[in-house]
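Below is one structure; the comments refer to it alone.
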Amino acid sequence: MGWSDLIYVGMGLGLGLGSSSLWRRRQKSAPPPVAAPHEPTPQEIQLEEFDALCEQLKQTQLAYQMASEMSQFKGGFLARTSHELRSPLSTMIGTLQLILSDLCDDPAEEREFVEQAHVAALNLVKLIDEIISVAKTEHGTDKMDIEPIQLAKVFDEVDDLTYLQAANRSIRLEIVPPDQGIYVLADLPRFRQVLVNLIDTAIAQMEEGSICVSAHCSPESGCVHIWVDDQRSVSAWSESWDLLKHDLESDATKSSNNSKVSSGMKLLMNQTLLTLMNGKLEVLAVPSESEESNFNRTQCSIPLARL
């Protein structure tokens with residue numbers, strides 16, 4: 001073996017010893033291995049999947065119920081409109097028939113019947129105006145002025161228009177002021193009309209209880225969700241569609257108190273107006289611990305304005 005071979009052998013031994021020492025130092029300084037996370041058992045996985053399926057089933061049932069009802073509202077629009085208009089018209093016909101048949105005892109009673117017919121005619125015109133207004137907006141004859149509006153301002157106006165009615169019926173009405181910086185894209189008069197109608201309908205269908213109106217911003221969906229929570233059952237807004245079985249006599253007896261659009265017709269008009277403003281109206285059910293307690297949540301979604 002020559003000197004050159006000895007030199008190469010020495011270099012190899014030096015490199016081997018150096019790399020071995022370096023490897024031992026790295027092993028000592030390396031962090032301890034991390035323990036593997038706990039993996040869920042098959043029973044835990046099945047329980048989580050079962051809970052998720054139950055929640056999806058509830059939401060699907062609610063969505064189907066809402067879609068079914070709204071389909072009935074749209075499909076039966078003509079029947080509903082006819083029923084809404086027939087009641088005051090029946091009063092006019094009935095009172096005028098009494099006068100024409102000379103069934104009045106004296107001129108004072110005849111004048112009273114004429115006044116009743118006049119009030120029924122005014123109610124009929126009011127109902128027609130409300131229905132035509134929504135129909136013209138949907139058709140495009142009346143253009144919407146959709147612009148950014150401050151939601152807090154709308155809530156203040158709605159509070160002014162509804163608190164007296166709630167107080168007169170001993171209903172606790174709470175309208176939670178939203179953040180001053182929240183703006184929505186909507187037509188102010190029609191958007192205000194929708195919120196007032198939702199609150200008015202809840203008040204009219206309640207004998208006691210409370211109503212709470214609150215706003216919940218959802219930037220990820222680009223909407224603001226307005227909740228109208230009240231103590232009605234979830235089926236309170238659902239009306240019977242067996243409208244054509246009522247006779248004129250029964251309508252005439254009820255017409256004196258029928259000066260407003262029914263809750264079902266209001267729901268249809270509200271849904272139509274919100275759709276035209278790129279919004280949405282939903283009736284949600286919130287489960288309760290007690291089957292006896294009633295709770296209803298109406299969700300009004302409106303696009304969020306980006307300022």
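What about A63, is it of a type in the set (G, A, S), modelled with pLDDT under 85, within 21 Å of M269 (Cα to Cα) and in a helix (DSSP H, G or I)? Against the criterion (of a type in the set (G, A, S), modelled with pLDDT under 85, within 21 Å of M269 (Cα to Cα) and in a helix (DSSP H, G or I)), A63 qualifies. Within region 193-211, the set of residues being within 15 Å of the chain's Cα centre (by Cα) and open to solvent by less than 40 Å² (accessible area, probe 1.4 Å) comprises V194, L195, V196, N197, L198, I199, D200, T201, A202, I211.
Condition test on K254, is it part of a helix (DSSP H, G or I), surrounded by fewer than 17 Cβ atoms within 10 Å (Cβ to Cβ) and at pLDDT below 90? Answer is yes for this residue. You will find that of I128, I146, the residue that is touching a strand residue (DSSP E or B) at 6+ places or on another chain (Cβ under 6 Å), surrounded by 14 or more Cβ atoms within 10 Å (Cβ to Cβ) and either of a type in the set (D, E, K, R) or touching a residue at least 24 places away in the same chain (Cβ under 8 Å) (or both) is I146 and no other.
Matching residues to (1) at pLDDT below 70; (2) in a loop (DSSP other than H, G, I, E, B):
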{"residue": "H216", "(1), (2)": "no, no"}
{"residue": "S235", "(1), (2)": "yes, yes"}
{"residue": "E249", "(1), (2)": "yes, no"}
{"residue": "G264", "(1), (2)": "yes, no"}
{"residue": "L267", "(1), (2)": "no, no"}
{"residue": "L273", "(1), (2)": "no, no"}
{"residue": "S288", "(1), (2)": "yes, yes"}
{"residue": "E292", "(1), (2)": "yes, yes"}
{"residue": "L307", "(1), (2)": "no, yes"}
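Sort out which residues of region 177-186 are touching a helix residue (DSSP H, G or I) at 6+ places or on another chain (Cβ under 8 Å), open to solvent by less than 70 Å² (accessible area, probe 1.4 Å) and part of a loop (DSSP other than H, G, I, E, B), and write them in order of number. Of everything in region 177-186, those that are touching a helix residue (DSSP H, G or I) at 6+ places or on another chain (Cβ under 8 Å), open to solvent by less than 70 Å² (accessible area, probe 1.4 Å) and part of a loop (DSSP other than H, G, I, E, B) turn out to be P178, I182. Here L122 qualifies as at pLDDT below 90 and either under 21 Å from N197 (Cβ atoms) or within 24 Å of the chain's Cα centre (by Cα) (or both).
Among the residues of region 212-225, those that are under 12 Å from the mean Cα position of the chain (by Cα) and either open to solvent by less than 20 Å² (accessible area, probe 1.4 Å) or acidic (D, E) (or both) comprise V213, S214, V224. Can E174 be described as outside any helix (DSSP H, G or I) and either open to solvent by 60 Å² or more (accessible area, probe 1.4 Å) or touching a Ser or Thr at 6+ places or on another chain (Cβ under 6 Å) (or both)? Yes; evaluated as a whole, the condition is true for this residue.
The values are calculated or read from the model by the stated rules, or taken from the named source; none is laboratory data. Keep in mind the model is a prediction, meaning the values are calculated, not measured. Because the Cβ atoms are built from the backbone with ideal geometry, glycine has one as well, and the counts that use them run over all protein chains shown. The area values use the complete protein model at the heavy-atom level, side chains included, leaving out ligands, DNA and RNA. Shrake-Rupley method; radii C 1.70, N 1.55, O 1.52, S 1.80 Å.
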